[in-house]
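Trainee: Provided herewith is a single structure, encoded as structure tokens, for subsequent inquiry.
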Amino acid sequence: MFERFTTDARNTVTGAVTEARRAGAATVTEEHLLLSLLELGALDRLGVDRAAVAADLSAARRRGGMSRADEEALAELGIDLTEIVSRIEETHGEGALAAPAPRRRTLRTSLRSALGRAEPDDRAGSHHVPFTEGSKRVLEQSLRIALGRKDNHIGTLHLLLALLSRPGTVSEVLTDHGITYATAETTLAA
């Protein structure tokens, strides 16, 4: 499948891995794909405020990844998500729900630790960061979108459309900033 990816699309995928490493995340998520698209300027023609989108993603992360739809559903049950987040942060510190999952210890890291050897600098890409099922589905969906549009390549437009086609925090944040599937398709495909 990756042979169909344009250089920009490949840079988006590798940039998502970099974003995950920078955040100390154990996996590459859909959010990392979006942050990479933003970093590469793939959404600039849509008039996106990169900082505002990143801030909204951060706020969603602070809510434990709960979308506004999740928050509304909980509110209908009488559960105030803002209150829950506040109480958790009072006890465990600000951003407690946004903390990345701890990395698994491997036999190699256990041995290095037992021998008193320092861990290699991970920012250089010394370990594999796996993609979540959701981010894998985005990559698969980008192929389906490209085939549906009769494009013989997968570009950043296809990745963005795949992100927008999946329910969740990423598509919700994009929609809040005026980026819908239709607007992205008409503006970026032109």
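The values are calculated or read from the model by the stated rules, or taken from the named source; none is laboratory data. Just so it is clear, the model here is predicted, and its values are computed rather than measured. Cβ: placed from backbone, ideal geometry, glycine included. Neighbour counts: every protein chain shown. Side chains are part of the model used for accessible areas, which takes the heavy atoms of the whole protein and leaves out ligands, DNA and RNA. Shrake-Rupley method; radii C 1.70, N 1.55, O 1.52, S 1.80 Å.
Trainee: Looking at the square roots a ≥ b ≥ c of the eigenvalues of the Cα gyration tensor of the range 128-190, which shape do they give, rounded for a/c under 1.5, prolate if a/b is larger than b/c, or oblate?
Mentor: oblate
Trainee: Could you provide, to the nearest whole Å², the per residue accessible area of the range 127-190 with probe 1.4 Å?
Mentor: 47 Å²
Trainee: Once you place label points 7 Å from the Cα toward the Cβ at Arg50 and Thr7, how far apart are they in nm?
Mentor: For the pair Arg50/Thr7, the computed spacing is 1.9 nm.
Trainee: His153 to Ala73: extension gain in nm, 0.36 nm per residue of separation minus the Cα-Cα distance?
Mentor: Fully extending the segment from His153 to Ala73 adds 24.9 nm.
Trainee: Next question, about the same structure. So for His153, His128, what's the accessible-area order with a 1.4 Å probe, most first?
Mentor: So the residues, ranked largest to smallest area, are His128, His153.
Trainee: Using alpha carbon centroids, what distance separates the range 136-162 and the range 43-78, in Å?
Mentor: After rounding, the separation between the Cα centres reads 24 Å.
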